[in-house]
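Chemist: Structure below; questions to follow.
Read-outs: derived from the displayed coordinates by stated rules, not from any lab. Keep in mind that this is a model prediction, so the values were computed, not measured. For neighbour counting, all protein chains shown are included, and Cβ atoms are generated from backbone atoms with ideal geometry for every residue, glycine included.
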Amino acid sequence: MNQPYYDLDDEEQQILEAYEKGEFKSVANLEQEKIRLQQIAKNTLNKTRNINIRLSERDLYKLKARAAHEGIPYQTLVSSILHRSTADKS
């Protein structure tokens, strides 16, 4: 077996081994279950969290000015900037 490019914890290793042995069985309503689980994952990943961050007054002033120029709240601008900088580039 090839060495994976990731590290698995014990539970993940057990799941992988069970899968490779064919120990999993499909659910009767597979398509509905996939849709349900995708929605759960989407809802989990789309949650927003509040954070505290220290910025210089100058940077905050510039952020607020740029946001005002774009007609959006400055928190939305900051979130957008962070989202773009962390987006998958592949």
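Chemist: What shape does segment 1-51 have by the C-alpha gyration tensor, where a ≥ b ≥ c are the square roots of the eigenvalues, rounded means a/c under 1.5, and otherwise prolate means a/b greater than b/c and oblate the rest? Show your work: numbers first, answer last.
Modeler: Numbers: a/c = 3.27, a/b = 1.27, b/c = 2.58.
Because a/c hits 1.5 or more and a/b fails to exceed b/c, segment 1-51 counts as oblate.
Chemist: Now for a separate question. How would the chain be classified by its alpha-carbon gyration tensor: rounded, prolate or oblate, with rounded meaning a/c under 1.5 and the a/b versus b/c comparison settling the rest? Please list the in-between numbers first.
Modeler: Values: a/c = 3.84, a/b = 2.29, b/c = 1.68.
Cα axes put the chain in the prolate bin.
Chemist: Okay, helix-only estimate at 222 nm for the chain: each DSSP H run of n ≥ 4 adds -39500 (n - 2.57), divide by all residues, round to 500 deg cm²/dmol; what do you get? Mind showing how you got there, number by number?
Modeler: Working: 4 runs with 54 residues, N = 90.
Using -39500 (n - 2.57) per qualifying helix, the result is -19000 deg cm²/dmol.
Chemist: Moving on. Out of the GluC sites (Glu not before Pro) in the chain, which ones are loop residues according to DSSP with at most 15 other C-beta atoms within 10 Å?
Modeler: Working: sites: Glu11, Glu12, Glu17, Glu20, Glu23, Glu31, Glu33, Glu57, Glu70; in loops: Glu23.
Counting only loop positions with at most 15 other Cβ atoms within 10 Å, the GluC sites (Glu not before Pro) in the chain are Glu23.
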